[in-house]
Each structure stands twice: as C-alpha cells, then as structure tokens.
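Engineer: One structure, as structure tokens, below. Some questions next.
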Amino acid sequence: MNRVLTVVILALAILLAGCGGGSGRLVEPVDTNAMATSLSKAAPQVVTTGGFELSVSPDTYLTEASSARFVLDVAEQTGPDAIAVTISTENAIDLRALYCELHYDPARYSPAGVEHLDWAEDLLTLDVATEPGVVYVGQVMANWDERTGLNGDAELARVSFKREPMPETGRGTSQALTAETGTVMLRIDSLTKRVAWNYDLPGDYNQDGLVGVADLTPLAANLDRQYEAIEGNGGMTKHLQSGFDFDSAFDVVDGNQDGLINLSDITEIGRNFNLALDGYYVYGSTDSADVEAAQEATGQFIIADIPKSMLAGDGVNQRRFISITFPTLQTGMYYWVRPYGADAIGAKSNAAKYNPALVAAFDVEPRDVTFLRDGTLGNVLLSVAEDTPEIELDLWLEDAVDIKAFAANVYFDPAQYTPVDFTAANYLNPGLASNSVLDTFSWGLAGNWLIGNPYPLGLLDGFDGNWNLLKLHLTPQAQTEPDNFSPDCFHVYTEQIACDYDGGSNTFSWRYPLTGDVDQDGMVVVDDCIIVNYYIAWGKDQIAGGLDYPAMYDVNWDGIVSIIDYPYLGHSLYNAVDGFGIYASMSAADIPEYEFYLDELVVPTELEIGWVAYTAGTGDPASEQLRYSATLPDLAPGTYIWIMPTWEGRVGNAIEASIYQVPEE
C-alpha cells in the first residue's frame, strides 16, 4: 500500500512560515572555492517530445550507482483532459527518486492533474503547477536510504493537460524573501573576530538555497523520526528539552516543528516552493537605534555581501551555517545580518555587539579527563559573545583527535557575572542534545564553574575536527546568592571505613573510602562521572593508566560495576574528603552511631588524637585503592578508636565510623 501525499499548489498568494531560532557554531572559515566545487552538480537530462520538454534534475540519483534513461510519451485523449504526457524510465539501475520539470506551452495548454504511478511502494510525492509553462514533479521512496531502488523499465508519472491557455495567476520562477522568512541568530567571537550565524530557509530541507522537489530527499530519509526518549549509551534514554537539536539537520527537516518528521512536513515545501536564498547582507552601526530601522531600510548600513557559497556544514547531519572572520570589527559596534534572494531581503537577525574587553574577563582550563584515552588531542578555546541582556560563552575544540568526553573549569568574577544556564553539545551524534542531569554536571565554586559532557562514550569513534562543545549564559550582574557558589556545596559522605590495628607497631590503617571518587583525588566531580561511564562502555582495560579497581566504580555497592552505578553518581556528586580525623575515647557513648546526618556532625575536639591528609595515601590510584596509616600515641587499654573523614575543617554531614578497641595487655 502506498503512502502518498501530493501537494499541488494552485493559489497565487502563499503564506510564509518561519522556524525556530538558535545559535551558529564557530569554526574555521571555509574555503569558498572548495565549497563551490563541492556544491556543483552534473547537467540535467533533457528529453523533448511533441512540444513538451522534460528536464530531469541530477538530484534524482540518490546513490552513486543510480542511473536511468527517461522518455516521454504524448498521447491524445478524449474528454476535457485532452493530452496525457507519461514520464517513463528505461534501463533504470537502483532508481529511488524522480525530480523533474515538465515544460509546456502555456498559451496552448494548462495543467489538469498529475498521476503518480505505482512503480514503488510507500512513495512520497510533490507536484507544483502554479508557474505558467512548467509542472514540477517530485517522487521519492520513503526511507529510500534503507531500500533497494527500481531496476529495469517502468512508467513513473502521468501529467494531464487541457487544450486551453494557462491563466496568468502563477508566481514567478522564484519567491521573494520576506520578514517572515526563517530565523537567523548571529554570534560574534570576541577572541577570534569570527562572526557566525545559522542557515534557516523554511522548506529547504536539503539546504541548497532553493525550496524545490529535491527537498523531499532528506524528508523521505528521516520519515517517521520522532523526538522522544532515544536509546543512548548503555541503554539510558536521552530526553531533549525542546525538540530536535537546533544545530542538527533533523530540526531543519521537521518543517512544522512538531517533533515528528512525517508527511505533514511536505506542506512547508509546498508553501515555500521556489523560495530562494542567494546570500546575506552584513550590517553594522554604532547606534542601537539603527538596528530596528534597518528592518525596513534595505541599503543602509550594509558592510559586506556574503554569498551562499560560503555556507559550511554538511547539510545532511548538520544545520548549515556561515562563519567568517572580520578583521575590521569595531569595538562598540552592533552587527546583524539579513538574507537576500529574488531581488528581496528577508528578516533581520538579532544584533550582537562587538566587545573584546569581555574576553579578558573569562578563562577556561580543560580537565585532564577530556583527554581520557591515549592519543586524544585537541585545543580547547573560549569564545565570548555579547547578546543583550546576556553574555554567551562558547567552549569549542579545535583540531580534535578521538575526543569522547569533555570537561573544563570556566573562571569568572562572581561579583560581576551570574550564571543563568548552560547546554552541552552532543558532538558525537548531532541528532541528540546532551543536557539532562545524567549527561552533564555543573556547579559553581566562588565563580569557578566546572562543567562537563560525559555522553556519549559508548562503542563509538571519538570526535575529530572542530566543534562547539558547551554554551554558558551569564548576566552581567553580581551573584545575589553567593552561598550557592561556595565550597559549602560539598559534603562528606563515605562508605564504611574498614580499619586494621597492628599492635606490634602501634599503627592504625584503613583504605580510601570515598565511593564514586574513581580517580581518588578527594572529590566526586564530573571527572569521575566521565570515567565511570567510560569504564562501563569500554571496559576497564581501555582506560588510560588501567584505572581498574572495582571498589571505586561500584557506586551502589552491589558487587557489580554496571550501568546501574552511573545514575548513583548523581547522589554521590559533591562528596569530598580532605583528610581523616582519628578519635579516641574510653567511653563507647562518645562514638557516633552509623547513620546519615542531615546537619554537620559535631565531635568534641578533645577526642581527636590525630589527623591524616587524604594526600598521604600510598599506592597507585590508577590501579588500586589507596591505603592510609597512622602511628598512634600510647593509649590506655580498652580505649575505643575510630576514623572520621573531614572536609574544610568539618566532619561530614553524613558519616560512617569504624571503631577499634585497644586490647587489654
């Protein structure tokens, strides 16, 4: 049974619909000559018969193996539809689509209808017959990338004509851009002087600058793709916050932005058919009032003309974008862009202000865990863009080699900036975003934000090249609740501390007890989340340094290191220890009970007989659980001895104590 939706455009007035906005990715400027070459295509196949001309687009051939010869058959008919023009193929090889234009004499004929013949099951179609002298015909197999095409001969479509002139009611060969055409968001990289913005032309699903029948191809390839819980690494589901990731091609193809790519998205192609984008005008002014005025003024403030040949991005998995360097950017100047095409200019983007002084206010330091495996490389950079009323920080990786995770410290003055939110780009799968609590972790420590993206690690190749990793938004104002960004967010919570007493040497020994702190650095932070995820996905022998001691990974204490341990890290985050207090008393009543404390535990300082820093542990933290020991002072027989972890001079808000009673002599 065929799944067919035919959109026939017959009206003169066509409404324009816009898509949602987002931010462009900052990468190296593209080689425009190479880009132009990659976009060039072979000439159409043209067939002429009986006064009709068929022009078959090269976009018809969806695979390198596809080929076909096309023929026209013009037949006289009785009744109101006097002429039937049949489009057929001969000797086709793996044919999965047909995109063509059928030209006719509008002074003699007018289109009466298009019939799509059953040469393939589940066929998506699009017909446009509003322009005098041409009928556009589009056909493509649903999910064509998973199917075998037509081989041999077949009739593909039949177009009927009446013997009467075509009414002069159609549109021209291209549709003018208007203020409702797409949404463009511009960003300025104050560090590199790069200006970047996203591509957005409603209905242009293959992102070639023209809305046409070939835009059925990406729609058919992604048919029935839905925004929902998507299976991710280790069986976890990933939920996106607002539909498909804006920087992915899925968001482009979901033309009506309902979270489902289906037949209804053909409507956007029909609505905007022949909408053409040729390039962008870049505007600049030192007066913010000019930004609004320039929505109507088409010629004022233009400082550059950027052709569509400068578009970067593959257009198959990514939303395309422009990224160029303007060495002459002026401090304090506002910049914005407007697309143009068909002798018209579209809607303006937002206006971004160039302010290089912002760069000096921020710094970034990548965490070692970013380069988790041997052979991983990359240069982490920080870009700052001002888009009133917020500041956007973009962290991106340049010249990456096999990067599977990312984490960094971002430094700023909390007296000047307040974090609002951040999102992490899923650079290994552009169709997913990484911004759930299981994917990314963040907290502020007196203005130092540690942020990371441990998903997806899986059995996938690492990321190579340049990619935007994280976006952090701040407001230029002092933090009103500084307590939320202080070391107090850490607490002490450990598993039972197993202790041993050696009477011969009068020493007390124990193992490192901070569950989840797999690198044993004193804190359970995003680094540990990344390493545990990596351990689960790849196996401990794949981790650089052979970090393979199960006790540190077994966060839920079930004796098995598995994907179940990963969510438990959410409960272990911010656990910290900077040392171990050694306590002694002759009275068992002084020993704290083993329980979780909601408040800070108070232990009389006079009971403390020693303290050992967590850095005093012995052993290789990359392969074994660290051990600690302390030589005890002479104690009376029957003395109770126990260990309690500490953090910043405090005894933890959750504590498990071990007890040892000095034996009688």
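The values are calculated or read from the model by the stated rules, or taken from the named source; none is laboratory data. This is a predicted model, so every value here is computed, not measured. Every residue, glycine as well, gets a Cβ built from its backbone with ideal geometry; the counts of neighbours run over all protein chains shown. Heads up: the accessible areas ignore ligands, DNA and RNA and are worked out on the full protein's heavy atoms, side chains in. Shrake-Rupley method; radii C 1.70, N 1.55, O 1.52, S 1.80 Å.
Engineer: I'd like the FRET efficiency for Ser288 and Arg627, computed as 1/(1 + (r/R0)^6) with the beta carbon distance as r and R0 of 45 Å, rounded to 0.05.
Structural biologist: Details: r = 64 Å, r/R0 = 1.41.
Between Ser288 and Arg627 the formula returns 0.10.
Engineer: Given 0.36 nm per residue, what is the gain on full extension from Asn379 to Glu365 after removing their alpha carbon distance, in nm?
Structural biologist: On the way: separation 14, 0.36 × 14 = 5.04 nm, distance 1.06 nm.
Difference between extended and current length: 4.0 nm.
Engineer: Could you provide, to the nearest whole Å², the per residue accessible area of region 253-364 with probe 1.4 Å? Mind showing how you got there, number by number?
Structural biologist: Values: 4190 Å² over 112 residues.
That works out to 37 Å² per residue.
Engineer: Here is a further query. Taking square-rooted eigenvalues a ≥ b ≥ c of the alpha carbon gyration tensor, is region 289-357 rounded, prolate or oblate, where a/c under 1.5 means rounded and, failing that, a/b exceeding b/c means prolate?
Structural biologist: Working: a/c = 2.03, a/b = 1.20, b/c = 1.69.
Because a/c hits 1.5 or more and a/b fails to exceed b/c, region 289-357 counts as oblate.
Engineer: When only alpha-carbon atoms are used, what values of Rg and Dmax, in angstrom, describe region 52-190?
Structural biologist: Radius of gyration, then largest Cα-Cα span, for region 52-190: 18.0, 70 Å.
Engineer: So how exposed is Lys162, as accessible area in Å² (1.4 Å probe, rounded to 10)?
Structural biologist: Ignoring ligands and nucleic acids, Lys162 comes out at about 70 Å².
Engineer: Could you sort Cys499, Cys100 by their accessible area in this structure, using a 1.4 Å probe and putting the largest first? Can you show the working numbers first?
Structural biologist: Working: Cys499 30, Cys100 5 Å².
Order by accessible area, largest first: Cys499, Cys100.
Engineer: Rounded to the nearest 10 Å², what accessible area does Arg650 show when all protein chains are kept and the probe is 1.4 Å?
Structural biologist: 50
Engineer: I would also like to ask the following. With every protein chain present, what accessible area does Glu131 have (1.4 Å probe, heavy atoms only), rounded to the nearest 10 Å²?
Structural biologist: 20
Engineer: A follow-up question, please. Given a 1.4 angstrom probe, what's the average accessible area per residue across region 60-110, in square angstrom?
Structural biologist: On the way: 2220 Å² over 51 residues.
Using a 1.4 Å probe on heavy atoms only, each residue of region 60-110 averages 44 Å².
Engineer: Additional query: Could you please state how large a percent of the accessible area of region 315-372 is carbon and sulfur, counting protein chains only and using a 1.4 Å probe? Write out the running numbers ahead of the final one.
Structural biologist: Working: 1100 of 2260 Å².
So the carbon and sulfur contribution to the accessible surface is 49 percent.
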